[in-house]
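What follows is a short report on a single structure.
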């Protein structure tokens, strides 16, 4: 196969393949909704783990080569999502429903945007590594699949918890996953132009993930008043971060 064919095939494997766990999860919708609070806690841990164990270290490491400050761009990502959420709240302020439900639903666009941005970056990274070395590209695609799997499961459960319909969740996630292929092919065509921006993209996505976890998901854990549930949710947040840490450690940052 040509380099471009490798890039397309493996970016599809890395993105569409990672949806399998989430699709299996929402097939058992009633059960998933019962445990959706717990899945949200797990998702918060996964988002924080992905930001601090994967995206930020990679952004800082890659940024050192080109003088890009990863922490600065992570802060910009947090501010962008803060302003975006303020706009969403303002846009929906006229709707008459419970405040907690309003805040819950308004977070859905943020989750979709951040996941799509992450998928785009995955495609960029897969293409960049294939352009350097085929074996490294294959290892990177497998690494993407491995670290996306827990995140996608968390995202699927989170969208159910926020009230999104099952068919819409699958459609949104498939469309979001195809962005990985767009990012990969775009990187192959444009080469160094996109590749040089990888540290900024990584840091921005880390900021998006940190914002969602700390502004929406963690407050929901505090919102839960039942003592036993709150303890389980807290543990699941830690487990979610731990799963990412173990996955990244075992993969040795192959990508």
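Conditions (1) farther than 23 Å from residue 249 by Cβ; (2) at pLDDT below 80, marked per residue:
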{"residue": "150", "(1), (2)": "no, yes"}
{"residue": "157", "(1), (2)": "yes, yes"}
{"residue": "160", "(1), (2)": "yes, yes"}
{"residue": "194", "(1), (2)": "yes, yes"}
{"residue": "197", "(1), (2)": "yes, no"}
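Residue under question is residue 195, and the condition is that it be in contact (Cβ under 8 Å) with a residue 60 or more places away in the chain and within 13 Å of residue 42 (Cα to Cα); does it hold?
In short, no.
Can you find a residue in the range 20-39 that is closer than 21 Å to residue 172 by Cα, out of contact with any strand residue (DSSP E or B) (no Cβ under 6 Å at 6 or more places or on another chain), at pLDDT 80 or above and not in a loop (DSSP other than H, G, I, E, B)?
no
Does the range 9-18 contain any residue that is surrounded by fewer than 21 Cβ atoms within 10 Å (Cβ to Cβ), modelled with pLDDT under 70 and within 22 Å of the chain's Cα centre (by Cα)? I'd like the intermediate steps shown before the answer.
Step one: filter the range 9-18 for residues surrounded by fewer than 21 Cβ atoms within 10 Å (Cβ to Cβ), giving 9, 12-13, 16-17.
Right, trim to modelled with pLDDT under 70 and you get 16-17.
From the residues that got through so far, the ones that are within 22 Å of the chain's Cα centre (by Cα) too are 16-17.
Looking through the range 9-18, at least one residue is surrounded by fewer than 21 Cβ atoms within 10 Å (Cβ to Cβ), modelled with pLDDT under 70 and within 22 Å of the chain's Cα centre (by Cα).
Could you check residue 254 against (1) outside any helix (DSSP H, G or I); (2) modelled with pLDDT of 85 or more and say which number it fails?
In the conditions (1) outside any helix (DSSP H, G or I); (2) modelled with pLDDT of 85 or more, residue 254 misses (2) alone.
Could you tell me whether any residue of the range 92-109 is assigned to a helix (DSSP H, G or I), within 14 Å of the chain's Cα centre (by Cα), farther than 22 Å from residue 38 by Cα and modelled with pLDDT of 75 or more? Step through it out loud before you land on a result.
We begin by selecting, within the range 92-109, every residue assigned to a helix (DSSP H, G or I); these are 99-106, 108-109.
From the residues that got through so far, the ones that are within 14 Å of the chain's Cα centre (by Cα) too are 108-109.
Restricting the remaining residues to those that are farther than 22 Å from residue 38 by Cα gives none.
No, the conditions are met nowhere in the range 92-109.
The values are calculated or read from the model by the stated rules, or taken from the named source; none is laboratory data. Bear in mind the structure is a predicted one, so any value in this text is a computation, not a measurement. We place every Cβ from the backbone using ideal geometry, glycine too, and count neighbours over all the protein chains shown.
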